[in-house]
Every structure is written in C-alpha cells, then in structure tokens.
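See structure below.
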Amino acid sequence: MRRREFIVLLGGAAAVSWPLAARAQQTALPVVGILSGGSSASTATLLAGFREGLRDAGYIEGQNVVIEGRWAEGQYDRLPVLAAELVHRSVGIIFANSLPSVFAAKAATSTIPIVFISAGDPVRLGIVATLNRPGGNITGVNFFAVEVASKRLELLIEVVPTLTVIGVLTNPNNPRIDIEIGQLRAAARALGKQILVVKASDERDFDVAFETLLQERASAVLIPAEPLFFVWREQLVALAARHALPAMYDVREFTAAGGLLSYGLSLTDTYRLVAGQVAQILKGAKPADLPILQPTKFELVVNLRTAKTLGLTIPEPFLLRADEVIE
C-alpha cells in the first residue's frame, strides 16, 4: 500500500471513530430525570433555579450532566407511566417535584435515587422513615404546605375579618389533601368560621367550583399548594378577580400573577436546595444518609393593586410584616 493511500485510510477511520467517541461521551453523562405532575412551561423559571443550583455545585447541563423531564400536565394518572419511562431510560437520579410524583417514583424504583419536594411531613405521609435518616433510595425537602395551612387561613381572616364562610379549592387526587382539610376545619372552628370545600381534579372543573362558592355564599377562597393549580394559576387568579373573591395562595407566583395574598416558602429557593442534594448524590452521597431539608424562611406577599380593586384596605401593621408588597 502506498503511503498516501495509508494516510487517507487512517484519516477516514479517524473521521468515523470521532463521532462515535463523541456520542459515547455524551451518553456517559449522568442523567437527572424530572418527574412532574405539572407542566414544563409552568415551572420554567423554577427549573432555571434548579439549573443554577446545579451550576453552583459544578454541574452544567450539556457539559457534565443531562436533564430530562416528564410532565403529567395535571393528569396524575399519567405519572406511573412517566416514572416507568425514566426508569427504562436508566436515569441516575429522579427529581420528583410534587407529592403525586413522589409516590409514582417510589412505586417505579427502589434503587434509583429519588430527590423530592413534599408538600407535607414526609414521615407522616409514609415517604421516609425519619427526617434525619430517610432510609432507602430517597431524600428531599419538606415544603411545609400542610403545616402552614392554618396560618394562611389566619392571615386571610386578618385582612378580611368579616369573613364567615371561606371556600377551599381542592384536588381530590392529591394524596395529602385530607390531612390539610382536617387542619383547616379545626382552625376555622377555633376562629368561629366555616370552611366550604369545593373540588377540581381538572381545569375544566374550575368554573363550576367558583360558581358553587358563590351559591354557598363563600366570601373568600383559599387555594392550597397543588401542581394542577400552579399550572393554571393565571386562570384561577382571573376567576377570583371575576367573582370579587379575596384569595390566599401558597406561593409568590400567584400574587405576582394578580392574586391578593400568598404565604409560604420560596419555590425558587426550594428548587435550588433540591439541586444541592442532587449534586451531592452525583458526587457519591447516598440518599438514605442525606437528612430531609426543612427551610424556615416563609414569605408573606401582598398585592396592593388587587386589594384596591376588591375595595379592601390592608391594615398598615399587616403591610409592615409583609416580605413583599406589590403596588
């Protein structure tokens, strides 16, 4: 064989092998699967915080980690299939960003590490053994949605003290909702108020739910933490405005969309915390040894524009306690 022909053949072999090597390197990157009961669009800003948290820990999407999502769009019956897809994909970690997602992920695998956001006490809900040593293949963050439900009710009544009947919009498919309703009923009785529960397991149920609130003379509404409601938060805020109902929500994203009040943890900060746990597992930590994180900074947000539209005067001491006032 002539020298020139040998060089050409060698160059051709390199050209063929390089893409194969590049593809092998790409597939070798660890994959973080996101299992969500919501939608990609509704959590876009939150996922930006998740990516930022990973970046701070040294993991950059596309360079040394792959992020792949599965979204149920509020249809929780799809979650088992989506969880099975991530398991079949052989992801390295599953990030379950809501309670329905957690249970679907746990049912799908006992070996792939799971990092979760739980809207209630994960021990009481049977997700982990203890807060300090979760055990098994799972750890995460307690979002305290259930634990502060009565506090949200108190704040709503403080702004509108004449309330007698307060509506609570629920998704009956959420596994923790009975616990939260029990706490709200007890808190309402102690305050001399009445709770009216209306149900919506699909966005098409919202109109009927709000009409029921009006028919039963509810004069305000409380919207608990719920992936379905977060996906359709702008529609819910618009319905509350249309029916002139003061509303309390769980996170700032609702008040930013025009809701009256919100009280709870920062979702963006929570996603960053989850990213830190994911990074620790990527570096070799075992989920069973990572304590459940329990953030302590809750934020009260008031939308003054909405208050004025509803004809409400927010007491000055209340505004001084607020972490943010939208004017």
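The values are calculated or read from the model by the stated rules, or taken from the named source; none is laboratory data. Everything quoted here is computed from the prediction, not taken from an experiment. Glycine gets a Cβ as well: all are built from the backbone with ideal geometry, and neighbour counts include every protein chain shown. Accessible surface areas use protein heavy atoms only, side chains included; no ligands, DNA or RNA. Shrake-Rupley method; radii C 1.70, N 1.55, O 1.52, S 1.80 Å.
Name the pairs: first residue in the stretch 85-100 and farther than 27 Å from residue 177 by Cα and modelled with pLDDT under 95, second residue surrounded by fewer than 23 Cβ atoms within 10 Å (Cβ to Cβ) and acidic (Asp, Glu), Cβ to Cβ under 8 Å, at least 6 apart or on different chains?
Pairs found: 89/68.
Which pairs turn up if I take residues in the stretch 29-51 that are touching a residue at least 12 places away in the same chain (Cβ under 8 Å) and among the aromatic types (Phe, Trp, Tyr) and look for partners that are outside any strand (DSSP E or B) and open to solvent by less than 10 Å² (accessible area, probe 1.4 Å) with beta carbon separation below 6 Å, at least 6 apart in sequence or on another chain?
50/271; 50/275
Quick one: count up the residues across the stretch 50-75 that are among the small types (Gly, Ala, Ser), over 13 Å from residue 97 (Cα atoms) and at pLDDT below 95. Please lay out each step first, then the result.
As a first pass, look at the stretch 50-75 and keep what is among the small types (Gly, Ala, Ser): 53, 57-58, 62, 69, 72, 74.
Subsequent filtering for residues that are over 13 Å from residue 97 (Cα atoms) retains 53, 57-58, 62.
Applying the additional criterion that residues be at pLDDT below 95 yields 62.
Count: 1.
Taking the condition of being in contact (Cβ under 8 Å) with a residue 60 or more places away in the chain and surrounded by 15 or more Cβ atoms within 10 Å (Cβ to Cβ), how many residues in the stretch 58-71 meet it?
Initially, the stretch 58-71 is screened for residues in contact (Cβ under 8 Å) with a residue 60 or more places away in the chain, giving 58-59, 65.
Now restrict to residues that are surrounded by 15 or more Cβ atoms within 10 Å (Cβ to Cβ): 59, 65.
Adding up the residues that qualify gives 2.
Give me the residue from the stretch 25-35 that is outside any loop (DSSP other than H, G, I, E, B) and at pLDDT below 95 and, out of that set, least open to solvent (accessible area, probe 1.4 Å). Let's see the steps before the verdict.
First pass over the stretch 25-35, keeping only residues outside any loop (DSSP other than H, G, I, E, B): 25-27, 31-35.
Next cut, at pLDDT below 95 only: 25-27.
Working: 25: 128, 26: 95, 27: 113 Å².
Step by step, filter the stretch 25-35, then rank; the result is 26.
Search the stretch 118-130 for residues being within 20 Å of residue 173 (Cβ to Cβ) and open to solvent by 10 Å² or more (accessible area, probe 1.4 Å), and hand back the single one that is modelled with the lowest pLDDT. Talk me through it step by step, then tell me what you get.
Taking the stretch 118-130 and keeping what is within 20 Å of residue 173 (Cβ to Cβ), we get 118-122, 124-127.
Next, only the ones that are open to solvent by 10 Å² or more (accessible area, probe 1.4 Å) stay: 119, 121, 124-126.
Details: 119: 85, 121: 89, 124: 89, 125: 89, 126: 91.
Top of the filtered list is 119.
Kindly evaluate residue 169 against the criterion of being in a loop (DSSP other than H, G, I, E, B), under 23 Å from residue 37 (Cα atoms) and touching a residue at least 40 places away in the same chain (Cβ under 8 Å). Give the steps one after another, and end with the answer.
On the way: in a loop (DSSP other than H, G, I, E, B): no; under 23 Å from residue 37 (Cα atoms): yes; touching a residue at least 40 places away in the same chain (Cβ under 8 Å): yes.
So residue 169 does not fit the description; no.
Considering each of 48, 104, 83 in turn, give the residue that is in contact with a helix residue (DSSP H, G or I) (Cβ under 9 Å, 6 or more places away or on another chain) and either open to solvent by 30 Å² or more (accessible area, probe 1.4 Å) or assigned to a loop (DSSP other than H, G, I, E, B) (or both).
Values: 104 fails: either open to solvent by 30 Å² or more (accessible area, probe 1.4 Å) or assigned to a loop (DSSP other than H, G, I, E, B) (or both); 83 fails: either open to solvent by 30 Å² or more (accessible area, probe 1.4 Å) or assigned to a loop (DSSP other than H, G, I, E, B) (or both).
Selected residue: 48, the only one of 48, 104, 83 that is in contact with a helix residue (DSSP H, G or I) (Cβ under 9 Å, 6 or more places away or on another chain) and either open to solvent by 30 Å² or more (accessible area, probe 1.4 Å) or assigned to a loop (DSSP other than H, G, I, E, B) (or both).
Would the stretch 200-210 turn up any residue that is closer than 15 Å to residue 261 by Cβ and hydroxyl-bearing (Ser, Thr, Tyr)?
no
Within the stretch 151-166, can you find the residues that are open to solvent by 30 Å² or more (accessible area, probe 1.4 Å) and part of a helix (DSSP H, G or I)?
At the first step, the residues of the stretch 151-166 found to be open to solvent by 30 Å² or more (accessible area, probe 1.4 Å) are 151, 154, 158, 161-162, 164.
Selection gives 151, 154, 158.
Looking for whichever is of a type in the set (Gly, Ala, Ser) and free of Cβ contacts under 8 Å to residues at least 24 places away in the same chain here; the options are 190, 218, 241, 257. Which one fits? Let's see the steps before the verdict.
Details: 218 fails: free of Cβ contacts under 8 Å to residues at least 24 places away in the same chain; 241 fails: free of Cβ contacts under 8 Å to residues at least 24 places away in the same chain; 257 fails: free of Cβ contacts under 8 Å to residues at least 24 places away in the same chain.
After ruling out the rest, the residue left standing is 190.
Among the residues of the stretch 218-242, which ones are over 18 Å from residue 304 (Cα atoms), open to solvent by 20 Å² or more (accessible area, probe 1.4 Å) and touching a strand residue (DSSP E or B) at 6+ places or on another chain (Cβ under 9 Å)?
Of everything in the stretch 218-242, those that are over 18 Å from residue 304 (Cα atoms), open to solvent by 20 Å² or more (accessible area, probe 1.4 Å) and touching a strand residue (DSSP E or B) at 6+ places or on another chain (Cβ under 9 Å) turn out to be 219, 227, 233.
Output yes when any residue across the stretch 177-200 is within 15 Å of residue 232 (Cα to Cα) and loosely packed, with under 15 Cβ neighbours inside 10 Å, and no when none is.
The answer is no, given that none of the residues of the stretch 177-200 is within 15 Å of residue 232 (Cα to Cα) and loosely packed, with under 15 Cβ neighbours inside 10 Å.
How many residues are small (Gly, Ala, Ser) and under 17 Å from the mean Cα position of the chain (by Cα) if we restrict to the stretch 72-108? Write out each step before concluding.
Taking the stretch 72-108 first, the residues small (Gly, Ala, Ser) are 72, 74, 83-84, 90, 92, 96, 98, 101, 104-105, 107-108.
After this cut, where a residue has to be under 17 Å from the mean Cα position of the chain (by Cα) as well, the list is 72, 74, 83, 96, 98, 101, 104-105.
Count: 8.
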